[in-house]
1. Tell me, which residue of region 122-157 that is in a strand (DSSP E or B) and out of contact with any Pro (no Cβ under 9 Å at 6 or more places or on another chain) is surrounded by the fewest Cβ atoms within 10 Å (Cβ to Cβ)?
2. Check region 146-157 and report whether any residue there is among the aromatic types (F, W, Y) and within 24 Å of Y51 (Cβ to Cβ).
3. Considering each residue of region 172-216, count those that are part of a loop (DSSP other than H, G, I, E, B), over 18 Å from the mean Cα position of the chain (by Cα), farther than 24 Å from Y157 by Cβ and aliphatic (A, V, I, L, M), and give that number.
4. Got at least one residue in region 8-21 being of a type in the set (G, A, S), in a helix (DSSP H, G or I) and either under 23 Å from A202 (Cα atoms) or in contact with a helix residue (DSSP H, G or I) (Cβ under 9 Å, 6 or more places away or on another chain) (or both)?
Amino acid sequence: MNSTLNKFSVAPMLDWTDRHCRYFHRILTQQSLLYTEMVTTGAILFGKGDYLSFNQQEQPISLQLGGSDPMALAQCARLAEQLGYNEINLNVGCPSDRVQNGMFGACLMANAQLVADCVKAMQDVVSIPVTVKHRIGIDEQDSYSFLCQFIETIMPYTQTFIVHARKAWLSGLSPKENREVPPLDYVRVYQLKQDYPELTIAINGGISTIEQIKTHLQHVDGVMVGREAYQNPMLLSEIDQQIFAVDRPVINPIVAIELLFPYIENELTKGTQLNHIMRHTLGIFNGKKGAKQWRRYLSENAHKKGAGLEVVEKALSFVQLS
């Protein structure tokens with residue numbers, strides 16, 4: 001896989017990184033790899049909705065799949081490649097009960113051979129990269145040798161691993177607690193890159209500043225940021241310049257919202273509710289005068305029936321950048 005494509009990415013986040021969120025993020029950064037929310041194979045193959053639709057403007061984009069049936073995963077991967085996705089990612093990191101009951105997510109770390117079979121099945125039918133996102137361990141299986149065995153079982157079929165530098169507790173902690181309670185161990189991820197230099201290793205977990213991203217990139221090939229990119233989206237506006245060395249000025253946040261206008265108008269004609277788009281933009285003015293009023297006005301009005309661009313324009317009127 002092109003390593004610059006993978007140098008920085010925005011993490012897949014359930015209920016957050018939907019197509020509206022990704023379109024907005026793409027206005028802020030042209031170079032970053034964007035991930036979908038995790039989509040289960042069952043939803044794609046048997047669900048009523050169109051779970052794979054995206055706007056071509058969102059590329060480069062990776063589809064994160066949840067599942068553990070190699071044939072179903074292969075079917076979904078093939079569909080995704082036909083639609084123009086740039087990468088398929090297998091979720092081996094999500095610790096929620098719902099995910100475990102479906103036999104996918106972090107519990108799959110206990111069955112590395114099944115993960116290998118899944119990745120092989122997908123890679124056999126697509127020409128785009130298939131990658132794996134996982135934890136550094138689960139429950140009591142959290143030794144470095146356990147992690148290495150997991151990697152070694154799968155590496156014949158993929159060269160790219162995105163490692164959330166925490167272990168997952170499969171029982172006793174909620175998904176939210178699993179993102180915060182188990183301690184971060186960045187050094188263990190760095191060690192993986194040292195011991196397997198031929199692999200592309202990206203790191204994820206608790207990363208929130210450009211400086212931290214640059215520090216990690218001295219040790220690994222890529223950095224994935226989740227909550228901070230969502231809650232403080234202006235972080236993304238610095239990525240192209242600071243991380244990819246692209247000569248592109250940092251976008252003005254008001255301009256970023258105005259660039260969203262044609263998309264909003266188009267979506268409203270299709271019946272999309274304004275709040276489904278604007279909820280992803282609430283943090284863009286963090287730290288600026290009027291940010292609170294911006295958030296409040298959108299939160300109180302964007303969900304109303306018939307709400308349109310006038311709501312966004314009114315919310316913008318509260319903001320002062322200087």
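Quick note: the coordinates plus some simple rules give every number you see, no bench work behind them. All values derive from a computational prediction rather than experimental measurement. Cβ atoms come from the backbone with ideal geometry, glycine included; neighbour counts cover every protein chain shown.
1. Step one: list which residues in region 122-157 are in a strand (DSSP E or B), which gives 130-135, 138, 141.
Restricting the remaining residues to those that are out of contact with any Pro (no Cβ under 9 Å at 6 or more places or on another chain) gives 130-132, 134, 141.
Numbers: V130: 27, T131: 22, V132: 24, H134: 27, Q141: 14.
Among them, the one singled out is Q141.
2. Initial filter on region 146-157 (among the aromatic types (F, W, Y)): 146, 150, 157.
Subset that is within 24 Å of Y51 (Cβ to Cβ): none.
No, because not a single residue in region 146-157 is among the aromatic types (F, W, Y) and within 24 Å of Y51 (Cβ to Cβ).
3. The initial filter retains those residues of region 172-216 that are part of a loop (DSSP other than H, G, I, E, B), namely 172-174, 179-185, 196-199, 205-209.
If we keep only those that are over 18 Å from the mean Cα position of the chain (by Cα) as well, we get 172-174, 181-185, 196-199.
With farther than 24 Å from Y157 by Cβ added as a condition, the list becomes 172-174, 181-185.
Retained after the next criterion (residues that are aliphatic (A, V, I, L, M)): 173, 181, 184.
Final tally of qualifying residues: 3.
4. Looking through region 8-21, none of the residues is of a type in the set (G, A, S), in a helix (DSSP H, G or I) and either under 23 Å from A202 (Cα atoms) or in contact with a helix residue (DSSP H, G or I) (Cβ under 9 Å, 6 or more places away or on another chain) (or both).
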